[in-house]
Amino acid sequence: MIAITLLAPLLALQAAGETAVAIKNDNPETWTVEYPRLIQPHVADYRRCLAVTNRLIAGKADLEAQHAADLTRCAAVRAEAIAQSNEVLAGAKTTLSPEQVNQLFENIGNIHVARGRDLDQQFTSRMAGAAAATDTYEANRPKGLVIEMRDASVVKARTDASAAAAAAQEKDSQ
């Protein structure tokens with residue numbers, strides 16, 4: 001059952017005609033997010049603030065910047081969550097120092113920004129793959145009948161042999 005679960009994403013990518021690509025991280029970082037269950041509601045509030053927002057996908061890799069902006073937007077929620085966590089942990093058996101609580105919320109923010117960076121890397125990788133596929137297709141495209149849609153009302157069909165003449169004629173007419 002575990003093997004099927006692990007193989008399912010790879011099989012889905014293969015069926016879609018794509019391969020899984022591992023992106024090497026040149027600057028690996030590790031953040032630990034461990035905390036007592038007692039402060040889980042405060043951590044969840046901060047994570048929810050970071051996650052629940054509108055993302056603008058404008059065809060460029062800027063999700064890291066959007067995720068970084070979430071840290072500023074959620075600064076008040078973070079401060080409140082840190083204060084409430086320290087208050088709850090003051091008399092608890094399992095304790096974290098105020099510095100550890102602050103580091104916990106700092107790590108959550110770092111992870112959030114790293115997710116945006118990862119999405120940017122995936123986007124850039126996919127765009128590079130699409131450009132390479134387009135270049136490969138254009139270099140090896142089938143010869144023969146070519147149909148060009150100029151607009152909704154004019155469709156021109158020609159053979160590749162007449163493509164240069166058609167392009168020259170079109171250029172002269174403009």
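The values are calculated or read from the model by the stated rules, or taken from the named source; none is laboratory data. A quick note: this is a predicted structure, and the numbers were derived from the prediction, not measured. Glycine gets a Cβ as well: all are built from the backbone with ideal geometry, and neighbour counts include every protein chain shown. Accessible surface areas use protein heavy atoms only, side chains included; no ligands, DNA or RNA. Shrake-Rupley method; radii C 1.70, N 1.55, O 1.52, S 1.80 Å.
Odds and ends about this structure:
- For Asp45, the solvent-accessible surface with a 1.4 Å probe is about 70 Å², rounded to the nearest 10.
- ³J(HN,Hα), Karplus 6.51/-1.76/1.60, whole Hz, each residue of the range 87-93, x for Gly, Pro: 5, 5, 7, 4, x, 8, 5
- Test item: Cα-centred dipole of the range 43-130, Lys/Arg +1 and Asp/Glu -1 on Cβ, debye: 280
- Taking every protein chain into account, the 1.4 Å probe leaves Arg78 with about 50 Å² of accessible area, to the nearest ten.
- Estimated FRET transfer efficiency (Arg126, Val52; beta-carbon r; R0 25 Å; 0.05): 0.45
- Residue ranking by accessible heavy-atom surface, 1.4 Å probe, largest first, among Cys49, Cys74 comes out as Cys49, Cys74.
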